[in-house]
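**Q** Let me begin by handing over the structure; questions about it come next.
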Amino acid sequence: MYDYLIYFLIFSILGWCAEVVFCYFKTGRFVNRGLLHGPYCPIYGVGVCLSWAMLGEVGNLGALFFLSAAVATLVEFAVGLVCERMLGRRLWSYDGEVGNILGLVCPRFSLLWGFLLLIALESMPLVSRLARTLDRAPYRTLVYVVLLVIVVDGATSVINQIKKNREERTT
């Protein structure tokens, strides 16, 4: 289980970095993407952990690619729908993309997520070695503190978004 916490942290942070770089090239400025305030996007950590748990034994790269794209698409759709319906906030939009579903997912980005997940899953032996290195008392404490920070950030961000939605409805 501890390994999965490390995977979650690593890929949440790498996902945030990828989002920041993507947005910088798209807009020419730094944009902290997502609902949370810190340098992490948990959707990436969740996507990799789910894919690894479900698909880690798939040996065929072609099958792994398409199954990874499917997992990523389901995660992206579910998270996007929850954020939009429960929090009244759309974190991304594929409205202009061909074949999009409710603007939350689209074939082009599903294929991109499949490719990125393929790379992530193929790198898991290296990431697993890193997780074993971090499986010592001082590192464990740091990992749990960072996870606590993410949970607190997530909870306060959701609460603040709900408050903001209420205020907008009353004005």
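The values are calculated or read from the model by the stated rules, or taken from the named source; none is laboratory data. None of these values were measured; they are calculated from a predicted model. Glycine gets a Cβ as well: all are built from the backbone with ideal geometry, and neighbour counts include every protein chain shown.
**Q** Which ones in segment 110-121 are of a type outside the set (A, V, I, L, M) and more than 10 Å from L64 (Cα to Cα)?
**A** Listed by number, the residues that qualify are S110, W113.
**Q** One residue is enough: does segment 14-34 have a residue meeting the conditions outside any helix (DSSP H, G or I), touching a residue at least 24 places away in the same chain (Cβ under 8 Å), farther than 21 Å from R129 by Cβ and not hydroxyl-bearing (S, T, Y)?
**A** Scanning segment 14-34 turns up at least one residue that is outside any helix (DSSP H, G or I), touching a residue at least 24 places away in the same chain (Cβ under 8 Å), farther than 21 Å from R129 by Cβ and not hydroxyl-bearing (S, T, Y).
**Q** Residue check: is E97 within 30 Å of I162 (Cα to Cα), of a type in the set (D, E, K, R) and modelled with pLDDT of 95 or more?
**A** yes
**Q** Considering only residues that are farther than 23 Å from V127 by Cβ, in contact with a helix residue (DSSP H, G or I) (Cβ under 7 Å, 6 or more places away or on another chain) and not aromatic (F, W, Y), which ones fall in segment 1-31?
**A** Matches in segment 1-31: V31 only.
**Q** Can you name every residue in segment 71-87 that is surrounded by fewer than 16 Cβ atoms within 10 Å (Cβ to Cβ) and over 18 Å from V158 (Cα atoms)?
**A** Passing the criteria: L74, F77.
**Q** Now for a separate question. Look at segment 35-56 and say how many of its residues are in contact (Cβ under 8 Å) with a residue 40 or more places away in the chain, of a type outside the set (V, I, T) and either within 20 Å of C23 (Cβ to Cβ) or in a helix (DSSP H, G or I) (or both).
**A** The total comes to 12.
**Q** What number of residues within segment 119-152 are surrounded by 12 or more Cβ atoms within 10 Å (Cβ to Cβ) and under 18 Å from E19 (Cα atoms)?
**A** Qualifying residue count, segment 119-152: 2.
**Q** May I pose another question? Can you find even one residue in segment 93-101 that is surrounded by fewer than 16 Cβ atoms within 10 Å (Cβ to Cβ), in contact with a Lys or Arg (Cβ under 9 Å, 6 or more places away or on another chain) and either on the phi < 0 side of the Ramachandran plot or touching a residue at least 24 places away in the same chain (Cβ under 8 Å) (or both)?
**A** yes
**Q** On the given criteria, is R90 free of Cβ contacts under 8 Å to residues at least 24 places away in the same chain, in a helix (DSSP H, G or I) and surrounded by fewer than 17 Cβ atoms within 10 Å (Cβ to Cβ)?
**A** Here the answer is no, as R90 does not meet what is asked.
**Q** Would you tally the residues in segment 55-68 being within 22 Å of L126 (Cα to Cα) and surrounded by 13 or more Cβ atoms within 10 Å (Cβ to Cβ)?
**A** The qualifying residues number 6.
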